[in-house]
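Structure first, then comments.
The values are calculated or read from the model by the stated rules, or taken from the named source; none is laboratory data. Values in this document were obtained by computation on a predicted structure and should not be read as measured data. Here the Cβ is made from the backbone with ideal geometry for all residues, glycine too, and neighbour counts use every protein chain on show. When the accessible area is computed, the model is the full protein with side chains, heavy atoms only, and any ligands, DNA or RNA have been set aside. Shrake-Rupley method; radii C 1.70, N 1.55, O 1.52, S 1.80 Å.
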Amino acid sequence: MNESQMKEQRATNASVERDRIRNLSTLFNGTSNTKRQRLYQEFGYPQELCFDDFYRAYRRNAIAGAAVTRVVDGCWEDYPDIYEGDQTKDSTQQSVWDKRVNKLLKRCWKQIKGADKRNLVGRYSALLIQVKDSQPWSAPVDKVTVGRLQEKALVRLIPVWEAQLDPISYDQDENSENYGAVSMYSFTEIPVQQQRSGQPGRIINVHPDRVIILAEGSDDGRLDSGESLLEEGFNKLMDIEKVSGGASEGFLKNASRQLNFSFGEKTNFSALAKALGVADNQLAEALDQQVRRLNDSTDSASFMQEGTAEVLSVTASDPEPTWRTALNEFCATVPIPVKVLVGMQTGERASTEDAKDWAKTRMSRRKGFLADLITDIITRFWTLGFIPPAKGEEITVGWSDLLAPGQAEKIANMDKLADVAVKSTNAFGRSSITENEIRAVGEMQALPELDDEVPPDGNKPKPDPLADPESETEKSGDTTVES
């Protein structure tokens with residue numbers, strides 16, 4: 001081996017060693033800090049996160065629960081309309097297929113929204129399709145039976161948590177179009193909150209025909225590639241708990257009046273024990289009972305001899321700055337503006353920019369992940385035979401525009417345009433904006449053209465003979481004859 005090859009081999013070995021150290025550091029320490037590799041342990045952060053961590057945060061941490069609720073309720077503020085084709089049509093022009101599908105989905109939206117909530121908490125969630133086809137859940141759906149019953153074959157959709165559904169086998173046929181996909185799932189029927197109590201639940205196998213997976217953030221389609229909404233900011237959620245819980249604990253300890261007894265050199269403990277009516281060896285217990293009575297009642301007294309009793313207390317620091325910092329960091333990972341997530345105790349509302357940014361976030365999720373999810377659900381419906389396929393097997397998910405101006409904003413825009421009309425009339429003798437253009441900004445119905453309008457007295461204005469000589473000629477009855 002020559003010198004060049006030896007250098008290349010050493011560089012390769014060094015690269016492998018760096019990767020090994022980095023992987024070990026991430027595995028055992030949870031941090032990339034090379035100087036302080038035990039930061040996660042010192043701060044109390046878990047090295048690896050699992051569904052239980054996310055679920056506990058959602059159920060017990062106020063900020064985590066509020067974040068999930070805000071995203072779900074914000075994105076599902078209203079339900080979309082489904083249309084055939086690649087363009088959204090007006091609701092009055094819905095086709096028969098449009099009406100049929102929207103009627104079917106009307107009884108499914110609640111379950112779809114519930115599955116979306118579970119998807120935000122865990123790395124994935126699922127919708128189980130209960131079908132009236134007389135087949136076990138582990139078997140493929142009988143499409144002949146479903147095709148005969150159509151919508152009536154859909155019993156219900158069942159939203160399930162990540163902890164309730166596990167893949168147990170995969171398609172290993174390299175020639176199959178479903179190679180690498182899950183070929184069978186295991187479903188635990190008992191709810192997640194009851195699994196903690198150790199109650200047994202029925203476990204059944206479910207065929208992929210009957211499962212729709214929600215794994216937001218999974219670009220490769222794998223279940224374990226999904227991302228929880230709470231994962232990136234999980235450490236900040238723990239910091240919020242430390243700060244708020246620590247402040248509460250400090251307040252409780254200050255309020256509990258823990259006493260410190262100081263006795264002088266001349267204290268006669270035998271006389272003190274006699275005064276308290278106990279033996280010398282029971283003096284400590286008597287003093288403890290005296291403190292308990294003092295804390296339990298407002299009119300208890302304490303007997304001392306050549307001693308003092310002081311209250312142990314500390315001056316608690318203001319938790320607001322530290323708590324607010326952790327909250328801001330968490331909101332940056334969601335992302336939700338702070339005032340949208342928690343509001344303001346002073347009554348101050350979120351700014352217009354915050355509201356627009358939050359609306360953009362929700363619209364982006366609507367037109368991205370949720371539109372794809374609804375498309376997958378409807379495609380599965382016609383694949384199984386609940387509904388006929390859409391024309392060209394193409395559909396459009398029509399959401400309402402969350403960025404559309406409100407009524408107050410519409411009126412303000414109309415007022416601005418009216419000012420422009422007045423100023424342009426004063427400057428040029430004519431308005432640069434018509435009345436109907438102003439009404440259109442306020443989404444009001446357009447008025448008829450002014451020439452077609454009839455004055456309140458019912459008489460049309462007389463035409464100007466200089467401006468319209470033909471009308472004056474017709475009125476006088478004169479006839480023009482060509483020579």
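Overview of values
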{"read-out": "Any helices (runs of 4 or more DSSP H) falling wholly within the stretch 374-483 and containing at least 3 residues that are more than 30 Å from Q150 (Cα to Cα) and at pLDDT below 70", "value": "469-476"}
{"read-out": "Search result, residues across the stretch 385-410 that are within 23 Å of T361 (Cα to Cα) and among the basic types (K, R)", "value": "K410"}
{"read-out": "Residues of the stretch 279-295 satisfying the condition of being of a type outside the set (D, E) and open to solvent by 40 Å² or more (accessible area, probe 1.4 Å)", "value": "A279, N281, Q282, A284, Q289, R292, R293, N295"}
{"read-out": "All positions within the stretch 42-74 that are over 17 Å from the mean Cα position of the chain (by Cα), open to solvent by less than 60 Å² (accessible area, probe 1.4 Å) and within 21 Å of N328 (Cβ to Cβ)", "value": "G44, Y45"}
{"read-out": "Residue that is over 25 Å from L127 (Cα atoms), touching a residue at least 12 places away in the same chain (Cβ under 8 Å) and charged (D, E, K, R), where the choices are K367, K360, K423, K416", "value": "K360"}
{"read-out": "Among the candidates I129, I112, residue that is of a type outside the set (G, A, S) and part of a strand (DSSP E or B)", "value": "I129"}
{"read-out": "Residue pairs meeting the criteria (Cβ under 6 Å; at least 6 apart or on separate chains; first farther than 11 Å from T333 by Cβ, in the stretch 228-256; second of a type in the set (S, T, Y) and open to solvent by 40 Å² or more (accessible area, probe 1.4 Å))", "value": "V243/T322; N254/S313"}
{"read-out": "Residue in the stretch 318-331 that is open to solvent by 40 Å² or more (accessible area, probe 1.4 Å) and of a type in the set (G, A, S) present", "value": "no"}
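Listed here are the residues, each with its yes/no results for (1) among the acidic types (D, E); (2) under 30 Å from P80 (Cα atoms); (3) touching a His at 6+ places or on another chain (Cβ under 8 Å); (4) open to solvent by less than 40 Å² (accessible area, probe 1.4 Å).
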| residue | (1), (2), (3), (4) |
| --- | --- |
| L373 | no, yes, no, yes |
| L384 | no, yes, no, yes |
| A390 | no, yes, no, yes |
| V397 | no, yes, no, yes |
| D415 | yes, no, no, no |
| V422 | no, no, no, no |
| F428 | no, no, no, no |
| S432 | no, no, no, no |
| E435 | yes, no, no, no |
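Okay, residues lined up against (1) within 26 Å of S225 (Cβ to Cβ); (2) in contact with a helix residue (DSSP H, G or I) (Cβ under 9 Å, 6 or more places away or on another chain); (3) among the β-branched types (V, I, T):
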position: I129; (1), (2), (3): yes, yes, yes
position: P159; (1), (2), (3): yes, yes, no
position: E162; (1), (2), (3): yes, yes, no
position: I168; (1), (2), (3): yes, no, yes
position: E177; (1), (2), (3): yes, no, no
